[in-house]
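We did not get these values from a lab; they are worked out from the coordinates using the rules stated. Keep in mind it's a predicted model, so treat the numbers as computed, not measured. All Cβ positions, even for glycine, are placed from backbone atoms using ideal geometry, and neighbour counts span all protein chains on display.
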Amino acid sequence: MDLTCVIPVVKTPTDYQAYRISPQDTNRLAIVFDSNSANMSLTYCVEIFDVGGKTPPNRHQLAVEMFFVLKGEGLATCDGKSVAIRSGDSILVPATGTHVLENTGSERLYALCIMVPNEDFAELIRSGTPAELDAEDMAVLRRSERV
């Protein structure tokens, strides 16, 4: 009988570290788990876009990137094809797909972002400028006590 038990790693939004990859960026990335904390090659973060904010066009050689829109609305573009996105939508960007996410709404856009494998994404994020999560961010990210 196997008596070992794997204890899950649990974090709350107060544990997240947020960054702007470049000081002029209009989006922040709050790292939830990365290769160091998960002991596997992945990056899991919350991407927060200011009104009008967007990512620069980017692509990954090996990694698949997935997004789940928590709040807001925007536009997802991959290899020149665009689709409107809003709360509850999921986006899957295959490796090598040049993509952009853009906030087209009147409020911040919040999306969970998962990249597998990491492909140095967490390291890129951490090399940026530290940023704060404000009260508006925490209201979206913290668990609701409502049932």
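Given (1) 0.99; (2) 0.95; (3) 1.08, which label gives Rg/Rh (Cα atoms, Kirkwood Rh) as computed from the coordinates? The value matching this structure is (1). Charged neighbours of residue 111, selected by a Cβ distance under 10 Å, balance to -1 (K, R count +1; D, E count -1). Taking the Cα centre of the stretch 1-88 as reference, the dipole from Cβ charges on Lys and Arg (+1) and Asp and Glu (-1) amounts to some 240 debye.
Where in the stretch 72-110 does the label zone of residue 51 land, with the point 7 angstrom along Cα→C-beta and an amide N cut-off under 16 Å? Once the point is set 7 Å along Cα→Cβ of residue 51, 72-74, 103-110 turn out to lie under 16 Å by backbone N, inside the stretch 72-110. Relative contact order of the stretch 1-128, taken over Cα pairs closer than 8 Å and 6 or more residues apart, is 30 percent.
Computed over the chain, the per-residue total of -39500 (n - 2.57) for DSSP H runs of n ≥ 4 gives a 222 nm mean residue ellipticity of -2500 deg cm²/dmol, rounded to 500. Ordering 106, 37 from the fewest to the most neighbouring beta carbons within 10 Å gives 106, 37. Modelled this way, with points 7 Å down the Cα-to-C-beta line, the labels at residue 75 and residue 12 are 3.9 nm from one another. The Cβ shell under 14 Å around residue 66 holds other residues with a net charge of -4, Lys and Arg each +1, Asp and Glu each -1.
Our note on the geometry: Cα centres of the stretch 1-66 and the stretch 72-147, 10 Å apart.
Ranking 77, 27, 58 by Cα position along the charge dipole of the chain, where only Lys, Arg, Asp and Glu carry charges on their C-beta atoms, puts 77 farthest toward the positive end.
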